[in-house]
Amino acid sequence: MGLFDEVLGGLEAQAGQHAALYEEVASLVTQDGGVNGLIQQFEQQGLGQLVSGWMGGATNTPITGEQVVQGIGQDKVTAIASKVGLSEQQVTEGIAKLLPLMLSHLTPNGTAPSTGSGQVEADAMGMLKSKLFGS
């Protein structure tokens, strides 16, 4: 898995759980308003500065597990953990590593894709997945 292992470095999970977690985080970014919706959700929770730090190709603004819960909500964290077979802590750690990478990849010019461009976001996530998994 190479790059994926590097990104998730230290997250103890089986390969299938890594892939499942990636898919769940990708759905956070591509559904419910896409990138713009996710950005708004984080802004409403007082985390807009954090998200804006990832846009335009930057991934060096760290996010904590607590901020992940604050940004997406405890219910989503719990649902993802149940679905992928990881603990909530493992899920928040994984999201904290994947989300900056995903949003950076989807906003290379520092702006989110236009509203209603779910296919553009899905295509970009597919390209990122191929980089991470080497397939």
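Tell me which residues come under 5 Å, amide H to amide H, from THR107 once H is placed; ignore anything under 5 positions away on its chain.
Amide H neighbours of THR107, under 5 Å, 5+ apart: GLY56, GLY57.
What list of ³J(HN,Hα) couplings, whole Hz, do you get for the stretch 67-72 from phi and the Karplus terms 6.51, -1.76, 1.60, once you set θ to phi - 60° and write x for glycine and proline?
5, 4, 4, 4, x, 9
By average Cβ neighbour count within 10 Å, what is the ranking of 101-107, 83-89 from highest down?
Most protected by this proxy first, the peptides run 101-107, 83-89.
Can you list the HN-Hα couplings for the stretch 34-40, worked out from phi with the Karplus curve (6.51, -1.76, 1.60; θ = phi - 60°), rounded to whole Hz and with x for Gly and Pro?
Going residue by residue, I get x, 4, 4, x, 5, 4, 4 Hz, with x marking Gly and Pro.
Here, each number is a calculation from the coordinates, and none is a lab measurement. From a predicted model like this one, the values you see are computed outputs, not experimental measurements. Note: ideal-geometry Cβ built from the backbone for every residue, glycine included; neighbour counts use all protein chains shown.
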